[in-house]
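Colleague: Let me give you the structure first, and then I'll get to my questions.
Please treat every number below as a calculation from the coordinates, not as lab data. Quick caveat, the model's predicted, so the values are computed rather than measured. All Cβ positions, even for glycine, are placed from backbone atoms using ideal geometry, and neighbour counts span all protein chains on display.
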Amino acid sequence: MRTLLSVIITLLCWCAQGYSQNGFRVVPLGVKGGVNDGNLSAYMVAPAGSNAFVCLDAGTLTNGIWSAVQQGTFPVSGEVVLKQYIKGYLISHPHLDHVSGMLLNAVEDTAKHIYGFENCMKVLKTHYFNWESWPNFTNEGAAPAMKKYTYNILSEENEIPLAGTAMHVRAFRLSHGAPTESAAFLVRSGDSYLLYFGDTGPDEVEKSDKIETVWKAVAPLVREGKLRAIFLEVSYPNSQPDKSLFGHLTPKWFFKELQKLAGFTGQKAMQNLNVVVTHIKPVGTNEEKITSELKKENTLGVKLIFPQQGIPLNF
């Protein structure tokens, strides 16, 4: 009897450990787009049960970390979160609302990796970490290179490991108001996946197939239940003219793009899929309009999630 009980306990522990290794913990450090400079795009992501995070974009760091600590999301100081928990930065594109937190915190930060496409790294090197805009805390570029941050150039063909974590990433190019390039990141932990879009315009307006390429790649993961969440931007309400999108989505275009994904997966696979709404520009009553329009147009039955700064999400 005692032996049987020991076996059962061992199996239960093994199952619990296996489960904890699947999925993700996400801590939003910044969720808005535009001018809200204390709450701009940045999402810490780690495997469930781990404190080894990477940051998906880095528009806001200190304010978001402080908010998370104040709300009990982290039982440690903000300094520990910044210097020890965050292992690197995945930068979708080098606009200031996606990199300013990283730039400002570089002074106090510890050694980390920066990941992005070649043009993104070139802008960081040429225009920011150049000893004119800001000291060069990286391993390349204007002398002296202080070598705190290490550039890692991504390609669309390869999945690579994220240093200091148990995660891997595959990147996809996006069009953010042609010819501006952005990126989507497919992050993997074990057999669980999370898909994060940087700023992007709809394929039809951008005259591209960039988003469709992403959908084709992740459709099997949706059908198999392995894609835990999609982070997709909506910057403007539907009243924004297409000619003035500047490489962004509205609720109408948001669901047109998700309908394309449904075309590859089938409608049933889309039901209750976690879709996190990012980058809402908090101008006037836009937030209320966008939220209302998204809920009204959600005929796919996806689970819309509106993240809040400092409050964790578990997928």
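Colleague: Between Leu249, Leu40, Leu82, which gets the highest mean-square fluctuation from a Gaussian network model of the chain, Cα cutoff 10 Å?
Modeller: Of the options given, Leu82 has the highest mean-square fluctuation.
Colleague: Of the DSSP beta bridges with both residues in the chain, give the percent that are antiparallel, rounding to the nearest 5.
Modeller: DSSP beta bridges in the chain are roughly 50 percent antiparallel.
Colleague: For a protection proxy built on the mean count of beta-carbon atoms within 10 angstrom, sort 295-301, 32-38 highest first, please.
Modeller: The packing order, highest mean first, is 32-38, 295-301.
Colleague: Which far-off residues, 5 or more places away or on another chain, put their amide H under 5 Å from the one on Trp134, with H placed in the peptide plane?
Modeller: none
Colleague: Among all the lysines, which ones have a C-alpha under 22 Å from Lys216's C-alpha, if same-chain residues fewer than 8 places away are not counted?
Modeller: Answer for Lys216, where 22 Å is the Cα cut-off: Lys207, Lys226, Lys252, Lys256, Lys260, Lys268, Lys303, listed by chain and number.
Colleague: Ok, one more. Could you sort 46-55, 141-150 so that the peptide with the highest average Cβ count within 10 Å comes first and the rest follow in order?
Modeller: Taking the mean over residues of other Cβ atoms within 10 Å, the ranking is 46-55, 141-150.
Colleague: Lys122 to Ser155: FRET efficiency via 1/(1 + (r/R0)^6), r the Cβ-Cβ distance, R0 22 Å, to the nearest 0.05?
Modeller: For R0 = 22 Å, the calculated efficiency reads 0.90.
Colleague: A further question follows. Between Asp37 and Lys83, take the C-beta separation as r, use R0 = 30 Å, and let me know the FRET efficiency to the nearest 0.05.
Modeller: Numbers: r = 23 Å, r/R0 = 0.75.
The formula returns an efficiency of 0.85 here.
Colleague: Quick query: amide H of Tyr89 versus all other amide H atoms, modeled in the peptide plane; which residues come in under 5 Å with a sequence gap of 5 or more or a different chain?
Modeller: Residues meeting the amide H criterion: Cys55, His113, Ile114, Tyr115.
Colleague: Give me the Debye-computed log₁₀ of I(q)/I(0) at q = 0.11 Å⁻¹ for the chain, equal point scatterers on Cα only, no solvent, two decimals.
Modeller: Summing over Cα pairs of the chain leads to -0.66.
Colleague: Let me ask something additional. Please report the relative contact order for the chain, taking Cα pairs under 8 Å with a sequence separation of at least 6, and give it as a percent rounded to a whole number.
Modeller: About 18 percent, as a whole number.
Colleague: Shape call for the range 44-146 from the C-alpha gyration tensor, a ≥ b ≥ c root eigenvalues: rounded (a/c under 1.5), prolate (a/b greater than b/c) or oblate?
Modeller: Verdict is prolate for the range 44-146.
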